[in-house]
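Quick one: structure below, then a few questions.
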Amino acid sequence: MTGAFVTFEGGDAVGKSTQAAALQAWLQQQGHDVVRTREPGGTPLGEAVRELVLHREWAVAPRAEALLYAADRAQHVATVVRPALARGAVVIQDRYLDSSVAYQGSGRVLDPSEVRRLSLWATEDLLPDLTVLLDLPAEAARARRTGRGYDRLEAEEDAFHERVRLSFLRLADAEPDRFLVLDGAQPTDVLSGLVRDAVAPLVAPLLS
Ligand code: TYD
């Protein structure tokens, strides 16, 4: 028996965690076994990687950064995601390999297809059943971030965030069956309803 793997993607501050939390509550009400997790993080090794890549003073070379995210992902998939899917759980995850392709591949240094290959190697080719992309222009996302502490990546210019955004949209175009692209400017409850409509057919077989 296998569960269902749903990931949320998008730029910083587009509302991913709000939507992930709403989906989790809805699925649990129906009696699903739900595992909600995130990358980077989600395991002790992952939390250490998170500290290394997000909260440090020194520069990390682009290839080192890509490898750190891939190492986090390898550990997370092997010890959390695959075991949960194997027992029939629904895994709801904040960020996955598309984030690596969009962020590490948007610095104009690494080839996005190589970054993707690295993640697929790290995870032994695990792709989500559904990826919800919350799309928001860089300027609107920055307005939402104001007042929140900036980490290093968040402090980079809007131009970088706009490249990341376009990269996510290209990924969605390339895999229309896996992606649900939503306009992140819509009200929270409208977005939650659209997410539920897409998830419902995936999870229905898990309870029967
Ligand atoms: P996080 O605090 O989770 O941001 P958010 O709340 O916006 O999801 O920080 C994650 C940051 O790490 C985010 O700026 C994107 C970046 N990231 C990568 O660059 N590559 C990756 O593979 C992942 C998973 C995240």
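The values are calculated or read from the model by the stated rules, or taken from the named source; none is laboratory data. Everything numeric here is computed off the predicted structure, so don't read it as measured data. Using ideal geometry, Cβ is built from the backbone for each residue, glycine included, and neighbour counts are taken over all protein chains shown.
I'd like to check something: does segment 173-180 contain any residue that is at pLDDT below 95, touching a helix residue (DSSP H, G or I) at 6+ places or on another chain (Cβ under 9 Å) and either among the basic types (K, R) or closer than 24 Å to A66 by Cβ (or both)? Give the derivation first.
Filtering segment 173-180 down to residues at pLDDT below 95 leaves none.
No: zero hits.
Looking at the structure I just gave you, is A4 away from the ligand (no atom under 14 Å from the Cβ), within 19 Å of the chain's Cα centre (by Cα) and surrounded by fewer than 17 Cβ atoms within 10 Å (Cβ to Cβ)?
So A4 fails the test.
Which of the residues belonging to segment 64-90 are touching a strand residue (DSSP E or B) at 6+ places or on another chain (Cβ under 9 Å) and crowded, with 23+ Cβ neighbours inside 10 Å?
H76, V81, V90
Here's another thing I want to ask about it. Looking only at residues in segment 154-208 that are in a helix (DSSP H, G or I) and β-branched (V, I, T), which one is surrounded by the most Cβ atoms within 10 Å (Cβ to Cβ)?
Out of the qualifying residues, it is V164.
Looking at A89, A74, A122, can you tell me which residue is within 11 Å of the ligand (Cβ to nearest atom) and either closer than 19 Å to F8 by Cα or out of contact with any Pro (no Cβ under 9 Å at 6 or more places or on another chain) (or both)?
Values: A89 fails: within 11 Å of the ligand (Cβ to nearest atom); A74 fails: within 11 Å of the ligand (Cβ to nearest atom).
It is A122.
Which one is farthest from L134 (Cα to Cα), of the residues in segment 157-208 that are touching a Lys or Arg at 6+ places or on another chain (Cβ under 9 Å) and charged (D, E, K, R)?
D158
Also, I was wondering about something else. Which condition number in (1) closer than 23 Å to G193 by Cβ; (2) not in a helix (DSSP H, G or I) is the one that A20 fails?
(2)
Now for a separate question. Can you report the number of residues in segment 58-77 which are over 22 Å from R108 (Cα atoms) and out of contact with any Ser or Thr (no Cβ under 9 Å at 6 or more places or on another chain)?
Residues that pass the stated criteria total 0.
How many of the residues making up segment 25-52 are part of a helix (DSSP H, G or I), surrounded by fewer than 20 Cβ atoms within 10 Å (Cβ to Cβ) and away from the ligand (no atom under 16 Å from the Cβ)?
5
Residues checked against (1) free of Cβ contacts under 8 Å to residues at least 60 places away in the same chain; (2) charged (D, E, K, R); (3) touching a Pro at 6+ places or on another chain (Cβ under 7 Å):
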| residue | (1), (2), (3) |
| --- | --- |
| A4 | no, no, no |
| E9 | no, yes, no |
| G15 | no, no, no |
| A22 | no, no, no |
| G31 | no, no, no |
| V35 | yes, no, no |
| R38 | yes, yes, no |
| G42 | yes, no, no |
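Determine, yes or no, whether L153 is at pLDDT below 90, within 16 Å of the chain's Cα centre (by Cα) and not β-branched (V, I, T). Reasoning before the result, please.
On the way: at pLDDT below 90: yes; within 16 Å of the chain's Cα centre (by Cα): yes; not β-branched (V, I, T): yes.
Answer is yes for this residue.
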